[in-house]
Amino acid sequence: MSRFHFIGLMTMFILIPQITHSLFTDSVLHIINSTGNVTCYLAFTNTSNDYHLCAIRVYTYLVDVNTSQTENVWDGIWFTNTFRPLIKTRNCTGFNNASDIGSGTCDPMPYETVQNITLCICATSNCNQNLETCQQSNRGN
């Protein structure tokens with residue numbers, strides 16, 4: 001390759017990203033910045049308002065023969081449904097491939113000490129404060 005072509009290519013590689021919107025010149029935080037507008041309930045911060053979907057997981061433990069205990073886990077979802085692998089691998093009922101929202105029970109893994117897992121994913125603000133609110137949101141009530 002001649003020296004002229006080399007200098008020309010190097011000049012293009014330096015100038016083109018500076019005068020165009022390039023993926024490599026944007027900060028990572030700007031690229032992954034969420035644009036959602038759904039407010040979700042979260043355990044430690046109470047709410048956050050930049051999600052696309054909200055979720056709640058309810059784990060039911062059997063304490064003794066007559067007593068059960070529940071634990072809630074609240075989530076907000078950006079961009080894609082991060083629960084899709086859980087829904088598929090744990091045979092969750094109440095979900096389909098056409099929509100990310102739904103509500104149903106999931107099979108626990110063999111090593112988990114839970115009796116029952118209920119997952120609900122909804123798409124309205126504050127719909128994941130509790131399981132009933134999430135299920136009502138999905139029904140349109």
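The values are calculated or read from the model by the stated rules, or taken from the named source; none is laboratory data. A quick note: this is a predicted structure, and the numbers were derived from the prediction, not measured. Neighbour counts run over all protein chains shown; Cβ positions are idealised from the backbone, glycine included.
Enumerate the pairs (first residue in segment 57-69 and over 15 Å from residue 107 (Cβ atoms); second residue anywhere and of a type outside the set (A, V, I, L, M) and not in a strand (DSSP E or B)) with beta-carbon separation below 8 Å, excluding pairs fewer than 6 apart on the same chain, so at least 6 apart or on different chains.
61/113; 61/115; 62/115; 68/115
Can you tell me which residue among 47, 67 is farther than 16 Å from residue 120 by Cα and either surrounded by 13 or more Cβ atoms within 10 Å (Cβ to Cβ) or of a type in the set (Asp, Glu) (or both)? Step through it out loud before you land on a result.
Working: 67 fails: either surrounded by 13 or more Cβ atoms within 10 Å (Cβ to Cβ) or of a type in the set (Asp, Glu) (or both).
The match here is 47.
Are any residues in segment 93-131 at pLDDT below 90 and polar (S, T, N, Q), and if so, which ones?
Result: 96, 97, 99, 113.
What tally of residues in segment 22-64 results from selecting those that are at pLDDT below 90, among the aromatic types (Phe, Trp, Tyr) and in the same structural domain as residue 116 (by TED's automatic domain parsing)?
2
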